[in-house]
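The values are calculated or read from the model by the stated rules, or taken from the named source; none is laboratory data. These numbers were taken from a predicted model, which means no experiment stands behind them. Cβ atoms come from the backbone with ideal geometry, glycine included; neighbour counts cover every protein chain shown.
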Amino acid sequence: MTKSAIIAVLMLPCAALAQDGRVSAQMEPDAIVIGQHTVVTLSANVDGPTLEWPVVGDTLAAHIEVVRASVLDTVQIDGMGGPSATMVVQRITITAFDTGYWAIPPFKLKAGGRETETAPLLLRVNAFAVDSAAVPAPIKPIHRLPFSALWWARQHWPWIAGVAGVGLLVALALLLVRRLRRSKVQAPVAVVPERPLHERVLAQLDELERERLWQQGQHKAYQSRLTDLLRAYIEERYQVPALERTTDELLHELRVSPLSTDHRTMLANMLREADLVKFAKALPGPQENEQLMVSARRFIGATANHAPVNAEAQG
């Protein structure tokens, strides 16, 4: 007796137990090739108000997997003059990936307070038929796809975006620099006229007078700064190195200048009186300090109209 016949004989008592007409389980087909699908149809006649249906999980047995399970379908059955009944049907799609005979255990249901179960099922899983004379096909060569600019752009879009961003920033920077250069060229340059020499020196004398040095006992500092302003005025007006000369040397060089005798005498008196304070430590009185400022202002005012001497002409 074959293996399949033995399993079928062993399952007969279970099948007879379930043949009460209330529940049934059918499988079509009952033999598949490994990996193919088959459908188990589970049905039950319900004549009571309650029904407990079995829960279908991911597997029905160790080697049988559930692909999908349909929802419960309800069908009304005419009772041929008697009371009508209700049939509940569910279709379960299964598969297996191991060859052999695999038993599906009974499904247990409870309807109207009565528990019953279906007959067990037997699934045969066959292997693929392999032609022993078949020769393996040769390996196909590598298929190279044509270049796609769109695909390349999608793969390298961060680099493309970065280069484009840097280029945009450079362009904006160049545009900004160009506009700044234009604005500098077009902007009018305000020319501030230089104050005349005598006005600048008189303003410096006013500032020296506001410091009130000699009133604070700083006679030497007061007369030194005043005579330095006079020497700087003479140096710029007559092109004579007055700041580097002694009083006698300066007066000697000024003999050929546009200064008149009276102006040279006035300048000589101011410089010699200041030399006494700076070098001989003479102590001038308030009247002498005030008179030195008055004489300096008068000298600058009297010589203000003298045109500056050209150094080349003087040489």
Do we have A69 as modelled with pLDDT under 90 and touching a strand residue (DSSP E or B) at 6+ places or on another chain (Cβ under 7 Å) here?
no
Selected residue (only one of I77, I160, I104, I139 is within 20 Å of P54 (Cα to Cα) and either of a type outside the set (G, A, S) or exposed (fewer than 10 other Cβ atoms within 10 Å of the Cβ) (or both))
I104
Suppose we keep only residues that are part of a strand (DSSP E or B) and touching a Ser or Thr at 6+ places or on another chain (Cβ under 9 Å) within the stretch 110-136. Which one would you say is surrounded by the most Cβ atoms within 10 Å (Cβ to Cβ)?
L123
For the stretch 182-195, indicate whether the set of residues that are in a helix (DSSP H, G or I) and either modelled with pLDDT of 85 or more or within 30 Å of Q291 (Cα to Cα) (or both) is non-empty.
no
Go through the residues of the stretch 241-249 one by one and say whether even a single one is of a type in the set (G, A, S) and under 20 Å from G285 (Cβ atoms).
no
Where in the stretch 208-315 are there helices (runs of 4 or more DSSP H), lying fully within it, with 2 or more residues that are under 23 Å from R195 (Cα atoms) and at pLDDT 90 or above?
219-238, 286-302
Those residues that are in contact (Cβ under 8 Å) with a residue 24 or more places away in the chain and crowded, with 17+ Cβ neighbours inside 10 Å, I need them from the stretch 210-228; list them, please.
W214, H219, K220, Y222, Q223, L226, T227
